[in-house]
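See below for the structure under consideration.
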Amino acid sequence: MRFTRMAAIAGAFALALSAAACGGDGDDSGSGSAQGIVGKASSDKKLVFGVKNDQPGLGLQTGTAYTGFDIEIAKIIAKGLGVPESGIEYKTTVSANREPFIQQGQVDVVVATYTINDERKKVVNFGGPYYIAGQDLLVPTASTITGPETLAGKKVCSVTGSTPAKRIQTDYKDAKLQQFDSYSKCVQALADGTVDAVTTDDIILAGYAAQDQYAGKFKVVGKKFSDEPYGIGVKKDDTEGCNKINEILKTAATDGSYKAAWDATLGKSGTAAPELDVTKLTNCS
């Protein structure tokens, strides 16, 4: 009788250890691929995309709707992952919170004019680039600013945490940098005359200059002084998701969906769709 009780206790202890081990394995798998975008897309058929909401032609929110090239790219990525448009949730991001939003899990993917650089690659993983932009300047039509070399003493506005703002700080220290949390505020400051120029990527500036309320008031200087490869951000350890994004982009480059995304948005400015150079896609790590 005593032996039976001892055997039962030993058996229960073994089962407990086995359950704990299984639980540990389940937790580990949960923090691995199942927590990446491929696993979530497969299981939930839903993804949260971090996007801009104030960039005409790229990411613009009107009411509850988001439109623009980045939004179309997000739809292409979602479709490639098996997520229908009804399963996409858009969450507005600004330049300063893109990395925290990814790290904290507030968003699954960021498609938000998000320049790939070495500093950001330390904390997030990037698919892409899906577009190569270049830093430029937006100025009043009558401005004498002709490029970054003429910014000394000028008030230049950009967004806190953005690559363009950092470049002004490090490479053009004689400029007086003003920072806001959105480019729309910079453009409004330009319209009000409180800053002399706005700096960010050329295609973003062109979108603002083309808006009806600013028609004829501003011009893009047209002298790019950087290359800004736009990437698609995911969690640092989501190598599978990053590789899948690049596979989807390769397909989009050949099946017409990339060109269609451009034509429906930025193409309305009269600019022809660029070629998506898949030889420049990142090596996911």
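Please treat every number below as a calculation from the coordinates, not as lab data. This one's a predicted model, so the numbers in the text were calculated from it and none came from an experiment. Here Cβ is always computed from backbone atoms with ideal geometry, including for glycine, and neighbour counts include all displayed protein chains.
Under a Gaussian network description of the chain, with springs only between Cα atoms under 10 Å, the residue in 74, 65, 189 that fluctuates furthest is 65.
Where is the GNM fluctuation largest for the chain (alpha-carbon springs, 10 angstrom cutoff): 234, 221, 51? Checking each option, the largest mean-square fluctuation is seen for 221. Result for the chain in a Gaussian network model with C-alpha springs under 10 Å: among 239, 271, 163, the largest mean-square fluctuation is at 271. With contacts taken as Cα pairs under 8 Å at a separation of at least 6 residues, segment 146-285 carries a relative contact order of 18 percent. For segment 97-163, trypsin sites (Lys or Arg not before Pro) are listed when DSSP marks them as loop and at most 16 other Cβ atoms sit within 10 Å of their Cβ; the list is 122. Shown for the chain are the DSSP H helices of 20 Å or more along their axis, judged by Cα atoms, with a mean Kyte-Doolittle hydropathy of at least -1.0: 2-30, 239-255. For residue 250 and residue 67 in the same chain, what is the full-extension length gain: residue separation times 0.36 nm, less their Cα-Cα distance, in nm? That works out to 63.6 nm of additional length. For segment 143-274, the share of alpha carbon pairs falling in successive 5 Å distance bins from zero is 2, 9, 16, 19, 16, 14, 11, 8, 5, 1 percent. Counted residue by residue at 0.36 nm each, then reduced by the alpha carbon distance between them, the extension gain from residue 237 to residue 277 reaches 11.9 nm.
Taking 29 Å as the cut-off for C-alpha to C-alpha distance, list the pairs among 45/185; 75/235; 75/173; 91/217; 155/217; 121/154 that go past it. Listed pairs above 29 Å: 45/185; 75/173; 91/217; 121/154. Just need the relative contact order of segment 67-211 here, percent rounded to a whole number, with Cα pairs under 8 Å and 6+ apart. Reported as a whole number, the value is 24 percent. The C-alpha atoms of the chain occupy a region whose extents along the principal axes are 100, 41, 38 Å, arranged from largest to smallest. The calculated FRET efficiency for residue 46 paired with residue 170, based on their beta-carbon distance and R0 = 51 Å, is about 0.80. Between residue 152 and residue 121, what's the calculated FRET efficiency when r is the beta-carbon distance and R0 is 30 Å? Round to 0.05. Calculated value: 0.40.
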